[in-house]
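Engineer: One structure, as structure tokens, below. Some questions next.
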Amino acid sequence: MKIGIVSDTHRNRELHLTVLHALQSGGVSKIYHLGDDYKDGELAIEMGMELVRVPGLYCPEYHDRNIDKVQFDTVHGVNIVMAHDLKDISENDRLCNDILLTGHTHKSEVVVTNGKLHLNPGHLKSSMDKGRAPSYGLLDIDFGEISARILTLQGKTVSALTLKKGETGLFKV
């Protein structure tokens, strides 16, 4: 299953739509939106894509007790936890999940630490923000094999990892 990951769209409809169209044409039907701005996630729904989202620190929804700051998903036996800011993911949730997805910093990252994948897709706020170009993430999960990538707006891979799920966590292939 291919899953697109976006964060920190900050109401930039143009960049967000560019990425959603690229993901959709690449066979992605599910989007994880990691906040700032929570309502931006509705673009994916309008395009007929499945959406899982969390609010960002600067969204009114972040302070709404009826909206979860942390979401969970399981895809082909791989457990995923997501939040806008890493501080919102409890230590227990970090231990019990294979993949941690966060945004907030606007800095893309894909790393494995202690058998856990941490992916931050970067931002889609503007053409440059905090000295960083916009980027997004892509997960491809197929029964214990995981491909994680960070891509530019032009679809160029910035960083990538191929992982396999073992008894003690994820490891690089």
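Engineer: For the subset of segment 9-34 comprising residues that are within 12 Å of the chain's Cα centre (by Cα) and under 19 Å from Thr157 (Cα atoms), which member is surrounded by the fewest Cβ atoms within 10 Å (Cβ to Cβ)?
Structural biologist: It comes out as Ile31.
Engineer: Which condition number does Leu100 fail, the rest of (1) crowded, with 19+ Cβ neighbours inside 10 Å; (2) more than 18 Å from Leu161 (Cα to Cα); (3) free of Cβ contacts under 8 Å to residues at least 24 places away in the same chain being met?
Structural biologist: In the conditions (1) crowded, with 19+ Cβ neighbours inside 10 Å; (2) more than 18 Å from Leu161 (Cα to Cα); (3) free of Cβ contacts under 8 Å to residues at least 24 places away in the same chain, Leu100 misses (2) alone.
Engineer: Out of the residues in segment 8-42 that are in a loop (DSSP other than H, G, I, E, B), without any contact (Cβ under 8 Å) to a residue 60 or more places away in the chain and in contact with an Asp or Glu (Cβ under 7 Å, 6 or more places away or on another chain), state the one that is farthest from Gly122 (Cα to Cα).
Structural biologist: It comes out as Ser29.
Engineer: While we're here: From the set of residues in segment 43-62 that are outside any helix (DSSP H, G or I) and in contact with a Leu (Cβ under 8 Å, 6 or more places away or on another chain), which is surrounded by the most Cβ atoms within 10 Å (Cβ to Cβ)? Walk me through it before giving the result.
Structural biologist: Restricting attention to segment 43-62, the residues satisfying the condition of being outside any helix (DSSP H, G or I) are 47-59.
When the remaining residues are screened for being in contact with a Leu (Cβ under 8 Å, 6 or more places away or on another chain), the result is 47, 49, 53-54, 56.
Numbers: Met47: 15, Met49: 17, Arg53: 26, Val54: 29, Gly56: 25.
Out of the qualifying residues, it is Val54.
Engineer: Restricting segment 63-91 to residues that are of a type outside the set (Asp, Glu) and assigned to a helix (DSSP H, G or I), which is nearest to Thr113 (Cα to Cα)?
Structural biologist: In the first step, residues of segment 63-91 are kept if they are of a type outside the set (Asp, Glu); the result is 63, 65-67, 69-72, 74-84, 86-87, 89-90.
From what is left, the residues that are assigned to a helix (DSSP H, G or I) are 63, 86-87.
Numbers: His63: 30, Leu86: 14, Lys87: 17 Å.
Of everything passing the filter in segment 63-91, Leu86 is nearest to Thr113 (Cα to Cα).
Engineer: Quick one: Thr113 ticks every box in (1) over 24 Å from Arg132 (Cβ atoms); (2) surrounded by fewer than 14 Cβ atoms within 10 Å (Cβ to Cβ) bar one, so which box is it?
Structural biologist: With respect to (1) over 24 Å from Arg132 (Cβ atoms); (2) surrounded by fewer than 14 Cβ atoms within 10 Å (Cβ to Cβ), Thr113 is out only on (1).
Engineer: Filter segment 35-92 down to residues that are in contact with a strand residue (DSSP E or B) (Cβ under 6 Å, 6 or more places away or on another chain), of a type in the set (A, V, I, L, M) and over 30 Å from Thr168 (Cβ atoms), then give me how many there are.
Structural biologist: 4
Engineer: Within segment 1-42, which residues are among the hydroxyl-bearing types (Ser, Thr, Tyr) and at pLDDT 95 or above?
Structural biologist: Let us first name the residues in segment 1-42 that are among the hydroxyl-bearing types (Ser, Thr, Tyr), namely 7, 9, 18, 25, 29, 32, 38.
Hits for segment 1-42 are Ser7, Thr9, Thr18, Ser25, Tyr32, Tyr38.
Engineer: Return the residues of segment 57-97 that are in contact with a helix residue (DSSP H, G or I) (Cβ under 8 Å, 6 or more places away or on another chain), of a type in the set (Val, Ile, Thr) and without any contact (Cβ under 8 Å) to a residue 24 or more places away in the chain; say none if nothing qualifies.
Structural biologist: Val70, Val81
The values are calculated or read from the model by the stated rules, or taken from the named source; none is laboratory data. Computed from a prediction, not measured in an experiment: that's the story for all the values here. Cβ atoms come from the backbone with ideal geometry, glycine included; neighbour counts cover every protein chain shown.
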